[in-house]
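Novice: Got a structure here, written out as structure tokens. Questions coming.
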Ligand code: HAM
């Protein structure tokens, strides 16, 4: 008899189960709670979108669109792709629902899978998950500071050590002048730069600053810096942002080579990095995208947002020690079983509670309770049934007592 080959998940894609799924839901629930406190509402957009959405937003010259898209023609001859990031879909929805015409402010948060056909390695997957937020209709740099502080609050909640790197990418006034100067500078020694840099000088020169090649980085030391070439308005905003962060005791480093891998940013750009997760050190990134709504056919609307890479962050999350009590309810006799089920259902209204359907002795119940991670064991035997009492033991403190059912 031939044995069928066992099918594995695709390279760079994995299940989220067991301990990791506990952490995953714990993260999403608590990050969502923080986002709601900051006035964000949940949005869910499709995973599959028209390919042109990402070409026009993330940018045709970016690696994400150029090399990493899961793109195909569907049965209706539509050119579609699995979303590589969340911002473009949210902007598409904002415009499609005519919210750009309505004016006003919109704040959304989302979480879900993203797909990039990258070379998988530690912290770099082909299917990964992001938790992101997007704000529309606020041009004030106070909002940039606000979302940076919110992101910091999320990282602090999960006790994740991090560094904030900050840059300004200028606007439609100052960026083109800077880009031209940069190209002039780079062209003077382009033979010494790597092949990728030479391609980028033509397609997207500021991405040259981001080259990981050590030789290129040395050559780039004297390149003009965007932070010294901002127009008055961008400079004022950048200074104001630093001032607000200083006032709120948020540490940051200025990194004028931080250009981000997506083309839609203007003004503020930032990343949160950790040196505890290896070479893929960015846990979150974001910035302002005041022209993106317009690029996608909407009425000019300012926007700013960020996204956290959930898998990268989970490598660093420890569930808070003071987690809630978990109950285990068991019967010591067949007769006590109905009462045990009733008690477990009552307890479930406030706590996570396991019920064991087979009547067993003390020792067996304690073994099962431990296996299930419960710290409070509630047992009912014939004596307890007659007196409407419960035997309760707290495994963590070793305290044991008999209490009335109503007292539980
Ligand atoms: P991004 O920097 O491309 O930004 O991605 C955000 C985060 O997703 C990264 O910092 C990283 O933690 C995680 N990430 C990216 N690629 C992978 C991968 N292959 N495997 C695992 N994790 C990954 C954006 O996507 C923007 N949409 C963020 C944004 C929202 N900007 C404004 N609003």
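Since every read-out is calculated from the coordinates, none of them should be taken as a lab result. Owing to the predicted nature of the structure, the values given are computational and were not obtained by experimental measurement. Cβ: placed from backbone, ideal geometry, glycine included. Neighbour counts: every protein chain shown.
Novice: Report the full-extension gain for the segment residue 225 to residue 67: residue separation times 0.36 nm, less the Cα-Cα distance, to one decimal in nm. Could you put the intermediate results ahead of the total?
Specialist: On the way: separation 158, 0.36 × 158 = 56.88 nm, distance 2.80 nm.
54.1 nm is the gain from fully extending residue 225 to residue 67.
Novice: Rounded to the nearest 10 degrees, what's the angle between the helix 362-371 long axis and the longest principal axis of the chain, both from Cα atoms, 0 to 90?
Specialist: 0 degrees
Novice: While we're on this one: Give the order of 100, 156 when sorted by the count of other beta carbons within 10 angstrom, beginning with the fewest. If you can, show how the numbers build up before the last one.
Specialist: On the way: 100 22, 156 13.
Placing the least packed residue first, the sequence is 156, 100.
Novice: On to the next question. Cα centroid distance between the stretch 381-400 and the stretch 111-129, in Å?
Specialist: With the stretch 381-400 and the stretch 111-129 each reduced to a Cα centre, they are spaced 49 Å.
Novice: Does anyone have the angle between helix 337-347 and the longest principal axis of the chain? Alpha-carbon axes, 0 to 90°, nearest 10?
Specialist: The answer is roughly 40 degrees.
Novice: Return a whole-number percent for the relative contact order of the chain, with Cα pairs under 8 Å and 6 or more residues apart as the contact set. Each step should come with its number before you reach the end.
Specialist: Values: 686 pairs, mean separation 63.8, N = 408.
Over the chain, the number comes to 16 percent.
Novice: Over the chain, with a Gaussian network built from C-alpha contacts below 10 Å, which listed residue (276, 180, 214) shows the highest mean-square fluctuation?
Specialist: 214
Novice: For the stretch 127-236, what does the convex hull of the Cα positions come to per residue, in cubic angstrom?
Specialist: 168 Å³
Novice: Hey, what angle do you get for helix 141-157 against the long axis of the chain, alpha-carbon based, 0 to 90 degrees rounded to 10?
Specialist: Approximately 40 degrees, to the nearest ten.
Novice: Students often check this: by mean Cβ neighbours within 10 Å, which of 245-255, 168-178 ranks highest, and how do the rest follow? Don't jump to the answer; show the numbers that get you there.
Specialist: Working: 245-255: 12.8, 168-178: 18.6.
Result, highest mean first: 168-178, 245-255.
Novice: In the stretch 327-407, what percentage of the DSSP-assigned beta bridges are antiparallel, given to the nearest 5? Don't skip to the answer; put the middle values down first.
Specialist: Details: 10 of 18 bridges.
Restricted to the stretch 327-407, the bridges split so that about 55 percent are antiparallel.
Novice: Please report the base-10 log of the normalised intensity I(q)/I(0) for the stretch 327-407, using a Debye sum with one equal scatterer per alpha carbon and no solvent, at each q in 0.17, 0.19 (1/Å).
Specialist: -0.56, -0.72
Novice: Using DSSP, restrict attention to beta bridges with both residues in the chain and report what percent are antiparallel, rounded to the nearest 5.
Specialist: Numbers: 52 of 65 bridges.
Of all bridge pairs located within the chain, approximately 80 percent are antiparallel.
Novice: Then there's this: Quick one: check the C-alpha center-to-center distance for the stretch 340-368 versus the stretch 32-98, whole angstrom.
Specialist: That distance is 46 Å.
Novice: Explain nothing, just the number: relative contact order of the stretch 68-116, from Cα pairs under 8 Å at least 6 residues apart, as a whole percent. Intermediate results must be reported in sequence, preceding the final value.
Specialist: Values: 33 pairs, mean separation 21.5, N = 49.
For the stretch 68-116, the relative contact order is 44 percent.
Novice: Please check: in the Gaussian network model of the chain (C-alpha springs, under 10 Å), which one of 128, 54, 72 has the largest mean-square fluctuation.
Specialist: Comparing 128, 54, 72 in a Gaussian network model of the chain, the most mobile one is 72.
Novice: Considering Cα pairs under 8 angstrom that are at least six residues apart, work out the relative contact order of the stretch 237-389 and quote it in whole percent.
Specialist: Values: 204 pairs, mean separation 25.3, N = 153.
Reported relative contact order: 17 percent.
Novice: Let me ask something else. At 25 °C and a viscosity of 0.890 mPa s, what translational diffusion coefficient does Stokes-Einstein give for the stretch 89-185, taking Rh as the Kirkwood radius over Cα pairs? Give it in µm²/s as a whole number. If you can, show how the numbers build up before the last one.
Specialist: Details: Rh = 17.1 Å.
Estimated via Stokes-Einstein, D reaches 143 µm²/s.
Novice: Once you have all Cα-Cα distances for the chain, histogram them in 20 Å bins from zero and send the whole-percent values.
Specialist: Over the chain, the share of Cα pairs per 20 Å bin runs 22, 44, 23, 10, 1 percent.
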